[in-house]
Amino acid sequence: MKAREISPLALDSYQRAARVILSNHLVTQTYPDRIALPLLRRWATELRDDLMTLFGYRLEVTETTARLFTVSDRLDAGTPAKTATDRTFDRYRYAYLALALAALGRAGNQITLSELADHVAADAAQVDGVDLSTERASDRDAFVDAVGWLAARGAIALADGDAGGWAANPDAGEALYDIDRSVVIALFRPPRALQHLRSIRGLLAGADSMTDDDAAEFGTSRTVDVKETARRVRRALVERPVVYAADLDDHELVQLALPRTAADVELLTGLVAERREEGVAMIDSSGRLSDVRFPGTGTVAQVALLLAGEIADRVLDPDTPETARMPLPRGRSEDLVEQVDSAIPQSGIFDSLAGHDGVEPEEPAPADRLFPVVEDQWITDTVRTLTDRFGRTFAAGWQADPDGLGRAALALLERLRLTAAVPGGVLALPALARYRGVVVTIRDRTPEIDLFQSSANDSEDITA
């Protein structure tokens, strides 16, 4: 591992470079900032070796881009593309993004927004269920969101005009973009041609590995690849907020238990491993690798923190009647695979090149751990109680919708692997215990009163 050869004085710089590429995957001259690419270029050789050795990731660095080609072990619905206003992409924005990227690959050095929209509209007309009409404001907004995502990453750069003006009135507004072809090329390079896949499983790790049926056909036996198992566990450590033992098979548990597995990730990234009987979490004190900071700001994050404390108090309080217990739910990845596969246009698949997708359906890991169940009704009542107590500090839109606020807070807790949804409630997972006994402080921010200031300007904030 190259990180062991780096001097202690330079190690912090190396770890910052590792965190940058692991959290962004694509780095350009302007994205995520102007200092990221020079930092990666400095450590390109060492990072290339360590990322391949530890995770099986391939790093390509050029003068204008750095691209990390990762390996996915399972589908993850928790990391969607977001707009500039933090709105999750819907299917239309994803479709416009893909079609815009294809159009940019065929364009010259510059393109106007209306020309790009015409190319996308023409291509969208050939796809069932997708269309782009510049006459509809909703379509224009979705298209501009996709273009903004590309602009943020440096694939295009605004040379003149305003995309917002075009979205408001395409007859009066216009925008001109310079195209950075190196970024366009780096953005979309799948490991396999999509027309060669019958299932999204073909893009997951192990798609080319031998299955049990293949082994039986050729009269060979499958053996456990220790090196790949270790890589799979390390990938989980940097991709999941918490790696629970109950999520792993026997071979993965052995690798997780080895001190060197987490230690190698610590050395590369600067994260700190927090090891418990139930699993391992990599703690990011720098806040530069995590895509979600928790505790965080905003009503949903604050309510999620308060709710986490309430749930932890309930399941850990010895005076509270013991709740039912269940294992972690299985098969969610398979459900997501089926949803994605149902949208694959079979007519576009090249049968002669498709072949066998290789990856077998996810098998349940041994359910040797049970977790307490917290009922939906208790959560609903608790969120409403929190709203009654602290609602004046919440965003106005959430004050009138405590049920929606509860669902949003639970979604955040589940994404952070602090809870897991089950029929009738949620499982309280072990990492939730760190938020037991949350202390709430309400800070009143009262501005100085003058003759022209109304009491309606008084405001409050909540910290926990």
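The values are calculated or read from the model by the stated rules, or taken from the named source; none is laboratory data. Quick caveat: nothing in here was measured; it's all calculated off a predicted structure. Ideal geometry is used to build each Cβ from the backbone, glycine not excepted, and the neighbour counts take in all protein chains shown. The area values use the complete protein model at the heavy-atom level, side chains included, leaving out ligands, DNA and RNA. Shrake-Rupley method; radii C 1.70, N 1.55, O 1.52, S 1.80 Å.
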Practice task
Would you please name the residue that is most open to solvent (accessible area, probe 1.4 Å), looking only at residues in the range 104-151 that are under 27 Å from GLN346 (Cβ atoms) and β-branched (Val, Ile, Thr)?
Solution key: VAL127
Practice task
With respect to PRO372, determine if the residue is of a type outside the set (Lys, Arg) and either modelled with pLDDT of 80 or more or farther than 25 Å from VAL422 by Cα (or both).
Solution key: yes
Handout entry: Set ARG314, ARG288: member being basic (Lys, Arg), in a helix (DSSP H, G or I) and in contact (Cβ under 8 Å) with a residue 40 or more places away in the chain
Key = ARG314
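Taking the range 175-190 as the search range and keeping residues that are open to solvent by 70 Å² or more (accessible area, probe 1.4 Å) and not aliphatic (A, V, I, L, M), which one is modelled with the highest pLDDT? Outline the logic, then answer.
Of all residues in the range 175-190, those open to solvent by 70 Å² or more (accessible area, probe 1.4 Å) come to 181, 185, 188-189.
Next, only the ones that are not aliphatic (A, V, I, L, M) stay: 181, 188-189.
Numbers: ARG181: 93, PHE188: 82, ARG189: 78.
Only one residue fits best here, namely ARG181.
Within the range 168-197, can you find the residues that are among the small types (Gly, Ala, Ser) and more than 24 Å from the chain's Cα centre (by Cα)?
The initial filter retains those residues of the range 168-197 that are among the small types (Gly, Ala, Ser), namely 168, 172-173, 175, 182, 186, 193.
Of everything in the range 168-197, those that are among the small types (Gly, Ala, Ser) and more than 24 Å from the chain's Cα centre (by Cα) turn out to be ALA168, ALA172, GLY173, ALA175, SER182.
So that you can scan it fast, the table gives a plain yes or no per residue for (1) touching a residue at least 12 places away in the same chain (Cβ under 8 Å); (2) within 29 Å of SER342 (Cα to Cα):
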residue	(1), (2)
ASN109	yes, no
THR112	yes, no
ASP123	yes, yes
VAL127	yes, yes
ASP131	no, yes
TRP149	yes, yes
GLY173	yes, no
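For the range 36-73, how many residues are assigned to a loop (DSSP other than H, G, I, E, B) and either at pLDDT 95 or above or of a type outside the set (A, V, I, L, M, F, W, C) (or both)? Walk me through how you get there before you give the answer.
Initial filter on the range 36-73 (assigned to a loop (DSSP other than H, G, I, E, B)): 43, 56-57, 62-64, 70-73.
From the residues that got through so far, the ones that are either at pLDDT 95 or above or of a type outside the set (A, V, I, L, M, F, W, C) (or both) too are 43, 56-57, 62-64, 70, 72-73.
Final tally of qualifying residues: 9.
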Problem - Counted residues, the range 400-441 - those being small (Gly, Ala, Ser) and in contact (Cβ under 8 Å) with a residue 60 or more places away in the chain - result: 9
Completion exercise
If you go through LEU97, LEU75, LEU101, the only one that is in contact (Cβ under 8 Å) with a residue 60 or more places away in the chain and assigned by the TED database to the domain that holds ALA151 is LEU101
Exercise for the section: Just need a number here: residues in the range 161-196 that are closer than 26 Å to GLU63 by Cβ and not in a loop (DSSP other than H, G, I, E, B). Expected result: 11
Practice task
Find the residue count for the range 233-262, including only residues that are open to solvent by 40 Å² or more (accessible area, probe 1.4 Å), part of a helix (DSSP H, G or I) and not β-branched (Val, Ile, Thr).
Solution key: 7
Completion exercise
(1) under 18 Å from VAL438 (Cβ atoms); (2) at pLDDT below 85; (3) not in a loop (DSSP other than H, G, I, E, B) all hold for LEU336 apart from (1)
Handout entry: Leading residue by the ranking (surrounded by the most Cβ atoms within 10 Å (Cβ to Cβ)) among those in the range 279-314 that are touching a Leu at 6+ places or on another chain (Cβ under 8 Å) and of a type in the set (Asp, Glu)
Key = GLU310
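Taking the range 3-24, which residues are surrounded by fewer than 16 Cβ atoms within 10 Å (Cβ to Cβ) and either touching a residue at least 24 places away in the same chain (Cβ under 8 Å) or in a helix (DSSP H, G or I) (or both)?
Of all residues in the range 3-24, those surrounded by fewer than 16 Cβ atoms within 10 Å (Cβ to Cβ) come to 4-5, 7-13.
If the condition is that a residue be surrounded by fewer than 16 Cβ atoms within 10 Å (Cβ to Cβ) and either touching a residue at least 24 places away in the same chain (Cβ under 8 Å) or in a helix (DSSP H, G or I) (or both), then ARG4, GLU5, PRO8, LEU9, ALA10, LEU11, ASP12, SER13 are the ones that fit.
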Practice task
Could you figure out which of (1) in contact (Cβ under 8 Å) with a residue 40 or more places away in the chain; (2) farther than 20 Å from ILE200 by Cβ isn't true of ASP141?
Solution key: (1)
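Here are some residues: ASP291, ASP317. Which one is within 23 Å of TYR244 (Cβ to Cβ), among the acidic types (Asp, Glu) and modelled with pLDDT under 80? Working first, answer last.
Details: ASP317 fails: modelled with pLDDT under 80.
Step by step, each of ASP291, ASP317 is checked, and only ASP291 is within 23 Å of TYR244 (Cβ to Cβ), among the acidic types (Asp, Glu) and modelled with pLDDT under 80.
Just checking, does the range 78-93 include any residue being of a type in the set (A, V, I, L, M) and outside any loop (DSSP other than H, G, I, E, B)?
Just the residues of the range 78-93 that are of a type in the set (A, V, I, L, M), to begin with: 81, 84.
Restricting the remaining residues to those that are outside any loop (DSSP other than H, G, I, E, B) gives none.
There is no residue in the range 78-93 that is of a type in the set (A, V, I, L, M) and outside any loop (DSSP other than H, G, I, E, B).
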Fill in the blank from the handout: Going through (1) over 25 Å from LEU418 (Cβ atoms); (2) surrounded by 14 or more Cβ atoms within 10 Å (Cβ to Cβ) one by one, GLU63 fails only at (2)
Practice task
Looking only at the range 420-442, decide whether some residue is in a strand (DSSP E or B), at pLDDT below 95 and under 18 Å from the mean Cα position of the chain (by Cα).
Solution key: yes
Completion exercise
If you go through ALA159, ALA167, ALA155, ALA172, the only one that is assigned by the TED database to the domain that holds ALA95, crowded, with 16+ Cβ neighbours inside 10 Å and more than 17 Å from HIS25 (Cβ to Cβ) is ALA167
Exercise for the section: Count, please, the residues in the range 380-409 that happen to be of a type outside the set (Ser, Thr, Tyr), more than 13 Å from THR299 (Cα to Cα) and surrounded by 15 or more Cβ atoms within 10 Å (Cβ to Cβ). Expected result: 1
